[in-house]
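Engineer: Okay, handing you the structure first.
Please treat every number below as a calculation from the coordinates, not as lab data. Quantities reported herein were computed from a predicted structural model and do not represent experimental measurements. Neighbour counts are summed over all protein chains in view; Cβ atoms, including those assigned to glycine, are modelled from backbone coordinates with ideal geometry.
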Amino acid sequence: MATASFIMIMPLLYLILTSFKSQADIFNPDAILIPTTFHPENYIKAFQQAPFHRYLLNSLSVALAVTISNIFLCSLAGYSLAKFEYKGREIIFGFIIATMVIPPTVLIVPLYIIVRQIGWLNSYYGLIIPFSVSAFGIFMMRQFMLGIPEEYLDAARIDGGGEFYIFCKIVLPLSKPALSFLAVYTFITNWNSFFWPLVVTSSEEIKTLPLGIVGFQTTYYTLYHYIMVMTVIASLPPLLLFIFTQKHYTQMIVAGLKR
Amino acid sequence: MFYLSLHSWSLLSSPRFIGFENYKFLPQDSVFIKSAKVTFCYLLGMIIFGPLALILGIALNQDFRFKQLYWGIFFAPYVISLVVSSLVWKLIYNPSAGLLTLFTSPLGLHIKWLKDEHYALPAIMVYSLWVYIGYYSTLWLAGLKGIPPECYEAAAIDGAGKWTIFRYITLPLLKPVTLFIIVVSVIGAVQMFVPFFVMTQGGPAGATQTLAYYIYKVAFSFLRMGYACTVSVILFVLVFIFALIQVKFFKES
């Protein structure tokens, strides 16, 4: 475990160390890992290159909104697809999976046309609404909820619990590991989302973080050290979210259910 | 998408209907055939990660010192935007000043990883492994946590050994999760685009040109939207059929 972790972490260490390097050091064979001179002021300078505080705020708002929306909607949809029987259920599910297969490159153009016609270009709506539910999320919640034993649900129904009550008090707590992963996954995917914000936004006030980072690469040169700086900063919120949800990966606790 | 695949469209003018011409061209397109092969190779490489990640997931299910920390370290690569981590690894693979040379120089290995026909695709596979192993292990872990502990207790009382427990209790109970992970990893692998774009741009002589990258090239470099849609349709149909087979397979058991 220790050796494997060491190998895993090497590129990350390289990332962090490079963020402190001077420009000359990045391609210097004698300073591959450890910089010859430390430049902590890279962190301050990087922020001055573009309105990054605005980008950060935008990325945060959008990612949070999409994550919260996904958690609610995908768990509801997944629960319905997993535990209730109704006509056409399999077809709907098949259709949902089918949408996952379409290459995103091809999806962008029609999506852009639609968003433009609604008038959501260059707005938070355009950044959030198209992703407020994901086929991945629905698929995932359905699969995980299939593993919830029927007895728990039946016992609650016999005790006179309403469906929504069952959902909130039994299904959701049991799905904590799946929900945690969905939250982290959705947040990360949206936080790092590059192509869609590129297509949809045009003004500086609404741009997101990845767009800002890419700005360090021009036709003539690439400011690698600033890229590393921003990446280190950009990696913090998702990592924090991950650490926060780590403790929600709990085993199905039976005792708490037998009230 | 299906509609557009029957047209010829350069994005600059309006689409021109040409029926199934695009589809007839496919078998003659040697680049398409090669991309399909490359994609398939990449896919095979990625599928091997499934069981690897499961093993890691099981390991993470135990309790040991610093577990949270190790788990975090494995997950961290996924957190970084693909564009940036691809850039970092591009630097790492750099034959003159990259991080990898710290280890390969003493061994006398001087390979131009990303520029070598035989090593470019494996290099990207190693990168993908680095990014996704923590992600998939965590997925497996979530699935493992969904198994009620009584099952394990009952089996232990009946005197079942570790391997028996794994085979007859853990694996069957993981079926829905396994289906999900297989389908999602196949779809993900087939759509993987960023590292191919950032690190090799289709690679030395098309060695890393996957179908996803080819679609992008046809659509935005050659400006043949209609044909790009055609390739996309084929991709879509193949993966969809695969997904259906998987669902059927998991339903029977």
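Engineer: How big is the stretch B:115-237 in terms of Cα radius of gyration and Dmax, in angstroms?
Structural biologist: Here Rg and the maximum Cα pair distance are 20.7, 66 Å.
Engineer: Further question on the same structure: Would you report the distance distribution of C-alpha pairs in the stretch B:177-253 as whole percents per 5 angstrom bin, up to the bin with the largest distance?
Structural biologist: Calculated P(r), rounded to whole percents: 3, 15, 20, 19, 17, 12, 8, 4, 2, 0.
Engineer: Related question: Could you give me the ³J(HN,Hα) list for the stretch B:189-195, computed from phi with Karplus coefficients 6.51, -1.76, 1.60 and θ = phi - 60°, whole Hz, x at Gly and Pro?
Structural biologist: 5, 5, 8, 4, 10, 3, x
Engineer: Could you give P(r) for chain A, binned at 5 Å from zero, as whole percent values over all Cα-Cα pairs?
Structural biologist: 1, 5, 10, 12, 14, 13, 12, 11, 8, 6, 4, 2, 1, 0, 0
Engineer: Could you tell me which residue out of A:140, A:168, A:127 lies farthest along the dipole of the stretch A:120-171 toward its positive end? Charges go on the beta carbon: Lys and Arg +1, Asp and Glu -1, centred on the Cα centre.
Structural biologist: A:127
Engineer: Just report the Cα centroid separation between the stretch A:58-97 and the stretch B:90-133, whole Å.
Structural biologist: 40
Engineer: Okay, helix-only estimate at 222 nm for chain B: each DSSP H run of n ≥ 4 adds -39500 (n - 2.57), divide by all residues, round to 500 deg cm²/dmol; what do you get?
Structural biologist: Rounded to the nearest 500, the figure is -19500 deg cm²/dmol.
Engineer: For the protein assembly as shown, take the convex hull of the Cα atoms, compute a quarter of its surface area, and give me that in nm², please.
Structural biologist: Result: 27.4 nm².
Engineer: Which number do you get for Rg(Cα) / (2.2 N^0.38 Å) in the stretch A:1-125?
Structural biologist: Normalised Cα radius of gyration, the stretch A:1-125: 1.68.
Engineer: For the stretch B:209-242 and the stretch B:38-81, compute the distance between their C-alpha centroids and round to whole Å.
Structural biologist: 29
Engineer: Still on this structure, please answer the following. Going by alpha carbons, how many degrees (0 to 90, nearest 10) lie between the helix axis of A:52-83 and the longest principal axis of chain A?
Structural biologist: Helix A:52-83 sits at roughly 20 degrees to that axis.
Engineer: With Rg and the Kirkwood Rh both taken from Cα atoms, where does Rg over Rh land for chain B?
Structural biologist: 1.05
Engineer: Against the longest principal axis of chain B, how steep is helix B:225-252, in degrees 0 to 90 to the nearest 10, with axes from Cα atoms?
Structural biologist: Roughly 20 degrees between the two axes.
Engineer: With no solvent and one point per C-alpha, what does the Debye sum give as log10 I(q)/I(0) for the stretch A:59-182 at q = 0.09, 0.12, 0.13 Å⁻¹?
Structural biologist: At q = 0.09, 0.12, 0.13 Å⁻¹ the computed log10 ratios are -0.32, -0.55, -0.63.
Engineer: Using alpha carbons only, what's the Rg to Rh ratio of the stretch B:136-186 with Rh from Kirkwood?
Structural biologist: 1.04
Engineer: How well do other chains shield peptide A:5-13, expressed as the mean number of their Cβ atoms within 10 Å of each residue Cβ?
Structural biologist: 6
Engineer: Hey, another quick one. What angle do you read, to the nearest 10 degrees and between 0 and 90, between the alpha-carbon axis of helix B:67-79 and the longest principal axis of chain B?
Structural biologist: 10
Engineer: By per-residue mean of other Cβ atoms within 10 Å, what is the highest-first order of A:214-222, A:42-50?
Structural biologist: A:42-50, A:214-222
Engineer: While we're here: Give, as ranges by residue number, the residues of the stretch A:174-192 whose backbone N falls under 19 Å from the point 7 Å along Cα→Cβ of residue A:114.
Structural biologist: Those under the cut-off are A:190.
Engineer: Related question: Once you have all Cα-Cα distances for the stretch A:127-259, histogram them in 5 Å bins from zero and send the whole-percent values.
Structural biologist: Reading the bins upward from 0: 2, 8, 14, 15, 15, 12, 10, 8, 6, 5, 3, 2, 1, 0, 0.
Engineer: Hey, if you put +1 on the Cβ of every Lys and Arg and -1 on every Asp and Glu Cβ in the stretch B:142-253, which of B:223, B:249, B:144 ends up farthest toward the positive end of that dipole?
Structural biologist: Comparing the listed Cα positions along the dipole, B:223 ranks first.
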